[in-house]
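Enquirer: Once you've had a glance at the structure underneath, I'll fire off some questions.
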Amino acid sequence: MNISAEHLKILDVMSRLSIDRASRALSKTLKTGAKISFSKCYVAEIGAVTEKMNESTDEMAGVMVGFKGNVGCKLLFMIPMHGVFILTDLYLRQPSGTTKTYDECSESVMQELGNVLAAHICNSLVSNFDATLTPLPPVVHNDYAGVMFSNLIMEQAMMDDKLVLIDTKFEICKTELACYLFLVPDVASFDKLIDAIGVYS
Amino acid sequence: MANLPQNIITVGVGELKITRSPGVLKTLLGSCIGIVLHDPLNKIGGLLHIMLPKRNSEDAKITKYADTGLPYIVSQMVSNAGASRSALYAKIFGGAKMFETNGKMMNIGEANEFEVRRILKEAGIRITASKTGGTKGYNIIFDTETGKVTCRIFGEPEEVY
Amino acid sequence: MKKILVVDDAKVVRMVISKVLTKNGFAIAGEAENGREALEKYKQLKPDAVTMDITMPEVDGIQGLKDIIAYDKNAKVIMISAIDQRDSLAEAIRNGASGYIVKPFEDDSMTIAINKLFNQE
């Protein structure tokens, strides 16, 4: 996997714009602020980044979304298991503390949040950068954070020892909940998109 | 899990780590297989986290693959760490079926396990314990002092192997 | 009372849409989780209108829309999707959608859109 410094910078701009749009959609969906507290686009060495993820045995609720179009990308949105209950109450406009167990409703909230985030990222790439991109149906999966993360990057890891990773943390206002969003772009297809815009290395 | 030791060394995807007692090795596994190798005489242990059965290109990292990673960890344990080759035994974990973003299940776990077992058999290294399959992740912690592996599959109780 | 078929693969979205619709004087004819089920339920329940998500497994909402319109050229189908792209909107309109609402939506905007469908009769 090779990406020039210029293209990495452009990808950083693209991802920030897209994630900003997605965070506003998330805020509107939950009717509370979803503040981006951390966002970074960088080249990660797979062994090192998975080693870091594997240090924690946090149990997470997660949703993975693939995309179809002229750029390849995968998304993982995950939150601590107890956080699903908070998000379910927010989504359904129920009093805080109403949802106490993980059930079909909570699973479907994760599914829909994954859908909204992924779609708004696509919307940004399409309207700002002329990409052709729509999300696939989300896949909800709860597991250890490191396992979900490895699953997300598995395709890239099979082909290379490095990948480009966009790593974002949101904080949901009026709660102590932190959510994590990872995007793994297919570099070759994004290089073509960036070249098509007219930015050359 | 309760009371995790301070001397934990974490292993990432396609990586291997070797340590001696009182070192503890840990990793998380989905479709990957974690192979624990232990020399009980010298209390030296290694953990290899492979993701694919066979190496598919010459410049690919050898520790990602069962066919190149296993011989490599054995040679590292024996030549560099001073482990006794004849005393080595193995335990294997992981190989779950994981979802892909297209909603289908990835079945590379089974192929990984098959290749790992084949290579260990060829190398004359006995597998004394294994826990593989399912659709959820594995959290494994390997204690080089005792050779025990504490394994907790997501959503299930902890078991010791 | 007008009956609406609510189509979305996410149960909570169907719950929220149904709640808003019933609060505004509509009845829920039924629910479906994808385009294939949407056509089956349309034929069975004969709703007055349909709300249709786009991104769904098996058969997506655009295909569901096409199939329902092919079955009943007067069907009233409003797309409700997080995809906010000109091409998606154009495709929906071209295939007979009566409206398009972007998620996340305000409850009012959906109610207004549904009411408009029937006020135009």
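Enquirer: State yes or no: is C:Ala82 touching a residue at least 12 places away in the same chain (Cβ under 8 Å), more than 12 Å from every other protein chain (Cβ to nearest Cβ) and within 17 Å of C:Lys11 (Cβ to Cβ)?
Expert: no
Enquirer: For the structure I just gave you, tell me whether A:Lys28 is under 30 Å from B:Lys26 (Cα atoms), basic (Lys, Arg) and either more than 14 Å from chain B (Cβ to nearest Cβ) or buried (at least 17 other Cβ atoms within 10 Å of the Cβ) (or both).
Expert: Judged against the criteria, A:Lys28 is not a match.
Enquirer: Cβ-Cβ distance below 8 Å, separation of 6 or more or different chains: which pairs start in the range B:82-99 with a residue that is on the phi > 0 side of the Ramachandran plot and end on one that is buried (at least 24 other Cβ atoms within 10 Å of the Cβ) and aromatic (Phe, Trp, Tyr)?
Expert: Note: pairs meeting the criteria are B:Gly94/B:Tyr138.
Enquirer: Within the range A:48-82, which residues are surrounded by fewer than 20 Cβ atoms within 10 Å (Cβ to Cβ) and more than 8 Å from chain B (Cβ to nearest Cβ)?
Expert: A:Ser56, A:Asp58, A:Lys68, A:Gly69, A:Asn70, A:Gly72, A:Pro80, A:Met81, A:His82
Enquirer: So in the range B:77-107, with the set limited to residues that are touching a Leu at 6+ places or on another chain (Cβ under 7 Å), away from chain A (no Cβ under 14 Å) and assigned to a loop (DSSP other than H, G, I, E, B), which one is farthest from A:Lys68 (Cα to Cα)?
Expert: So the residue we want is B:Ser84.
Enquirer: Quick check: anything in the range A:89-101 touching a strand residue (DSSP E or B) at 6+ places or on another chain (Cβ under 9 Å) and crowded, with 20+ Cβ neighbours inside 10 Å? Break it down stepwise before answering.
Expert: First, the residues of the range A:89-101 that are touching a strand residue (DSSP E or B) at 6+ places or on another chain (Cβ under 9 Å): A:90.
Still in the list and also crowded, with 20+ Cβ neighbours inside 10 Å: A:90.
The answer is yes; a qualifying residue exists.
Enquirer: Can you list the strands (runs of 3 or more DSSP E) found entirely within the range B:8-72 that contain at least 2 residues being away from chain A (no Cβ under 13 Å)?
Expert: B:16-20, B:33-39, B:44-50
Enquirer: Related question: Can you name every one of the strands (runs of 3 or more DSSP E) wholly within the range A:103-173 that holds 3 or more residues which are under 15 Å from the mean Cα position of the chain (by Cα) and either surrounded by fewer than 23 Cβ atoms within 10 Å (Cβ to Cβ) or within 13 Å of chain B (Cβ to nearest Cβ) (or both)? So that I can check it myself, show each step before the final result.
Expert: Numbers: elements: A:133-135, A:139-144, A:162-172.
Filter on the range A:103-173 gives A:139-144, A:162-172.
Enquirer: To continue, here is another question. If I go through the range C:1-22 residue by residue, how many of them are free of Cβ contacts under 8 Å to residues at least 12 places away in the same chain, more than 26 Å from A:Val139 (Cβ to Cβ) and charged (D, E, K, R)?
Expert: So the count comes out to 1.
Enquirer: Return yes when C:Leu89 is under 27 Å from A:Val139 (Cα atoms), assigned to a helix (DSSP H, G or I), without any contact (Cβ under 8 Å) to a residue 40 or more places away in the chain and more than 14 Å from chain A (Cβ to nearest Cβ) and no when it is not.
Expert: So C:Leu89 does not fit the description; no.
Enquirer: Kindly indicate which of C:Ile69, C:Ile80, C:Ile4 is aliphatic (A, V, I, L, M) and surrounded by fewer than 22 Cβ atoms within 10 Å (Cβ to Cβ).
Expert: C:Ile69
We did not get these values from a lab; they are worked out from the coordinates using the rules stated. Note that the structure is a prediction, hence the values are computed from the model and not measured. All Cβ positions, glycine included, derive from the backbone under ideal geometry; neighbour counts span all protein chains shown.
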